[in-house]
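*Asks:* Got a structure for you, questions after.
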Amino acid sequence: MANLARIVVDGAHRSAEHPALKLSDDVVTYGQLDDHTARCARLLRSLGVEPGDRVGVMLPNVPQFAVAYYGVLRCGAIVVPMNILLKGRETAFYLSDPEAKAVFAWHEFVDSARTGAEAAGAEVIPVAPGEFERLLAAHEPLTENAELDDDDTAVVLYTSGTTGTPKGAELTHANLYTQAAILADDLFHMTADDVVLGALPLFHAFGQSDALNAPLYAGATVTMLPRFDPAAALETMQRDGTTLFMGVPTMYTAMLHAPERGRFRLPRLRVCCSGGASLPVEVLRGFEREFGCMILEGYGLSETSPTASFNHMERERKPGSIGTPIKGVEMKVAAEDGSPLPSGEVGEIWIRGHNVMKGYWRRPDATAEVLTPDGWFKTGDLAQVDEDGYFYIVDRKKDMIIRGGYNVYPREIEEVLYEHPAVREAAVIGIPHSEYGEEVAAAVALKPGAAATGEELRDFVRQQVAAYKYPRVVWLVDELPKGPTGKILKKEIRAPEQVSAS
């Protein structure tokens, strides 16, 4: 198994002329990708980068991302993926914490990268279309991939850092190669005829594994979208004959409600995957009706490479469920002491298998908090499992609201809100309350042209859930705050003063 970059070499040997990557009309074949990544590896060696060194990759979803990513791996170094929107002080952390030797920086964001690189003592490699390719052409290919062990770190993937500074999850070559193989062969049955839309940010685990590593492992084509826009995504899928789409719930919501959606037909789209957050059942059903495809929900985290469970194609699909564990992975709903809970009871998801990270980069204490001595990873997510072994996310352990001693799971209330015909997006949070400790509150964005009041939405939910669960406080917003993957950021939601609970 060893070096993850072997998927590029294998693809070139299999079919050098087959398109590996597309960006609009630009095409990079497997043979070209093999050559460019080998030259990139030589470039890094010329800068003093050795096996085990860390290299930042601060690029959007463009072919150059794949060239840099696999080039770093081919020379035996470790990739540190970075959001292109990071500012100077943030890049300083992302490069200083792993002691990066170099960073590939997209030309439009090179100043922010340079600020961080100066603090870390890293070399900046500017990447601009045309110029980068000329730079690579000046270096002879490093044709032999660095020899590595399966347990060597391939990627240090920094988590979002909802508390304190981000932690770098160390994903090994075995983690990521095995993940790519299982996604391609077992879950999506990918072949060279498939075209995968690469709209998920590639600096994130979901994008890397599902929309880059797995398709290239299978010899498929990745058509890239540097910045997600619902109309642009639908246009790209129609133009290139996309067969597989991987996205987060906000992407599906945006495409389902895009005013231009009626102009597009996607006859080749055979299956979609949703992850990163819970997909409202109403959005799932609406998208499938609109575009005539099947959406399968999965679940995972940066620390699990990321996929841990999935609604498998060949088994019964249960909307609202994250499915069953993937091949070689164990999952359980655990009590505080780690003992498995019976079906129907709510507990924390624990995961063990080939997909679990090596640990957090130079954070042994943080690693010990989430990894047990016998290999279980404690996710912090609350779930229950049914009698058939299907898992259902209830909520994040930290998101649970305790109102007057009663547990309220925001996801349950959000599902009800999504059933209202005017609701486009909803987020349920807890706000301080003098009597109950916390009160249930909801921020809601409406569909274009729709009308509803906070009171109407509150009453809609009240009719369908227990009295302690419905949101006493509901307010309307134009947009909910989102992270780079499109995930709703609940920690940034604040109730307006005029509707706060007291």
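*Asks:* Those residues that are within 22 Å of Ala199 (Cβ to Cβ) and among the β-branched types (Val, Ile, Thr), I need them from region 1-32; list them, please.
*Replies:* Ile7, Val8, Val27, Val28, Thr29
*Asks:* Taking Ser343, is it of a type in the set (S, T, N, Q), surrounded by fewer than 23 Cβ atoms within 10 Å (Cβ to Cβ) and either assigned by TED's automatic domain parsing to the domain that holds Val196 or part of a loop (DSSP other than H, G, I, E, B) (or both)?
*Replies:* Judged against the criteria, Ser343 is a match.
*Asks:* Given (1) crowded, with 19+ Cβ neighbours inside 10 Å; (2) over 19 Å from Glu144 (Cβ atoms), where does Ile7 come up short, assuming only one miss?
*Replies:* (2)
*Asks:* Kindly evaluate Thr324 against the criterion of being modelled with pLDDT of 95 or more and either in the same structural domain as Ala427 (by TED's automatic domain parsing) or in a strand (DSSP E or B) (or both).
*Replies:* yes
*Asks:* May I ask you to list the residues in region 249-269 that are assigned to a loop (DSSP other than H, G, I, E, B), in contact with a strand residue (DSSP E or B) (Cβ under 7 Å, 6 or more places away or on another chain) and modelled with pLDDT under 95?
*Replies:* Listed by number, the list holds a single entry, His257.
*Asks:* Enumerate the pairs (first residue in region 172-200 and closer than 18 Å to Leu266 by Cα; second residue anywhere and of a type in the set (D, E, K, R)) with beta-carbon separation below 6 Å, excluding pairs fewer than 6 apart on the same chain, so at least 6 apart or on different chains.
*Replies:* Partner pairs satisfying both residue conditions: Val195/Asp240.
*Asks:* Here's another thing I want to ask about it. Which of the residues spanning region 281-310 are assigned to a loop (DSSP other than H, G, I, E, B) and buried (at least 24 other Cβ atoms within 10 Å of the Cβ)?
*Replies:* Selection gives Leu301, Ser305, Pro306.
*Asks:* Also, I was wondering about something else. For region 369-393, name all the residues that are over 25 Å from Lys318 (Cβ atoms) and out of contact with any strand residue (DSSP E or B) (no Cβ under 9 Å at 6 or more places or on another chain).
*Replies:* The one that is over 25 Å from Lys318 (Cβ atoms) and out of contact with any strand residue (DSSP E or B) (no Cβ under 9 Å at 6 or more places or on another chain): Pro373.
*Asks:* Let me ask something else. Taking strands (runs of 3 or more DSSP E) that do not extend beyond region 1-94, which have at least 2 residues that are more than 30 Å from Arg239 (Cβ to Cβ), of a type outside the set (Gly, Ala, Ser) and in the same structural domain as Thr242 (by TED's automatic domain parsing)?
*Replies:* Strands (runs of 3 or more DSSP E) meeting the threshold: 54-58, 78-81.
*Asks:* Further question on the same structure: Would you check if there is a residue in region 469-480 being assigned to a strand (DSSP E or B) and touching an Asp or Glu at 6+ places or on another chain (Cβ under 8 Å)?
*Replies:* Scanning region 469-480, I find at least one residue that is assigned to a strand (DSSP E or B) and touching an Asp or Glu at 6+ places or on another chain (Cβ under 8 Å), so the answer is yes.
*Asks:* Of a type in the set (Val, Ile, Thr) and either within 15 Å of the chain's Cα centre (by Cα) or within 15 Å of Asn83 (Cβ to Cβ) (or both): is that true of Val155 in this structure?
*Replies:* Against the criterion (of a type in the set (Val, Ile, Thr) and either within 15 Å of the chain's Cα centre (by Cα) or within 15 Å of Asn83 (Cβ to Cβ) (or both)), Val155 qualifies.
*Asks:* I've got another one for you. Please verify whether Met237 is aliphatic (A, V, I, L, M), at pLDDT below 95 and part of a helix (DSSP H, G or I), treating the condition exactly as stated.
*Replies:* no
*Asks:* Can you pull out the residues in region 443-465 that are touching a residue at least 40 places away in the same chain (Cβ under 8 Å) and of a type in the set (Gly, Ala, Ser)?
*Replies:* The answer is Ala443, Gly454.
*Asks:* Shifting gears a bit: Taking the stated definitions as given, is Ala169 touching a strand residue (DSSP E or B) at 6+ places or on another chain (Cβ under 6 Å), at negative phi and small (Gly, Ala, Ser)?
*Replies:* Yes.
*Asks:* Now a separate question. Is there any pair linking a residue in region 89-104 that is within 8 Å of Gly116 (Cα to Cα) to one that is acidic (Asp, Glu), with Cβ under 9 Å and at least six apart or on different chains, and which?
*Replies:* Pairs that qualify, where the first residue is within 8 Å of Gly116 (Cα to Cα) and the partner is acidic (Asp, Glu), are Ala92/Glu118.
*Asks:* Got a number for residues in region 276-288 being modelled with pLDDT of 90 or more and out of contact with any Leu (no Cβ under 9 Å at 6 or more places or on another chain)?
*Replies:* Residues in region 276-288 being modelled with pLDDT of 90 or more and out of contact with any Leu (no Cβ under 9 Å at 6 or more places or on another chain): 5 in total.
*Asks:* Report yes if Arg315 is charged (D, E, K, R), surrounded by 16 or more Cβ atoms within 10 Å (Cβ to Cβ) and more than 26 Å from Lys482 (Cα to Cα), otherwise no.
*Replies:* no
*Asks:* Being of a type outside the set (A, V, I, L, M, F, W, C) and more than 30 Å from Ala199 (Cα to Cα) is true for just one of Pro421, Pro432, Pro481. Which residue is that?
*Replies:* Pro432
*Asks:* For Asp399, which of the numbered conditions (1) over 23 Å from Leu489 (Cα atoms); (2) surrounded by 16 or more Cβ atoms within 10 Å (Cβ to Cβ); (3) in contact with a helix residue (DSSP H, G or I) (Cβ under 8 Å, 6 or more places away or on another chain) fails to hold?
*Replies:* (1)
*Asks:* Considering each of Leu244, Leu269 in turn, give the residue that is surrounded by fewer than 24 Cβ atoms within 10 Å (Cβ to Cβ) and in contact (Cβ under 8 Å) with a residue 24 or more places away in the chain.
*Replies:* Criteria check complete, one pass: Leu269.
*Asks:* To continue, here is another question. When you scan region 183-194, do you find a residue that is in contact with a His (Cβ under 8 Å, 6 or more places away or on another chain) and under 20 Å from Gly276 (Cβ atoms), even just one?
*Replies:* yes
*Asks:* Which is touching a Gly at 6+ places or on another chain (Cβ under 6 Å), touching a residue at least 40 places away in the same chain (Cβ under 8 Å) and closer than 20 Å to Arg396 by Cα, of Lys469, Lys487, Lys482?
*Replies:* The unique qualifying residue is Lys487.
The values are calculated or read from the model by the stated rules, or taken from the named source; none is laboratory data. These numbers come from a predicted model, not from an experiment. Ideal geometry is used to build each Cβ from the backbone, glycine not excepted, and the neighbour counts take in all protein chains shown.
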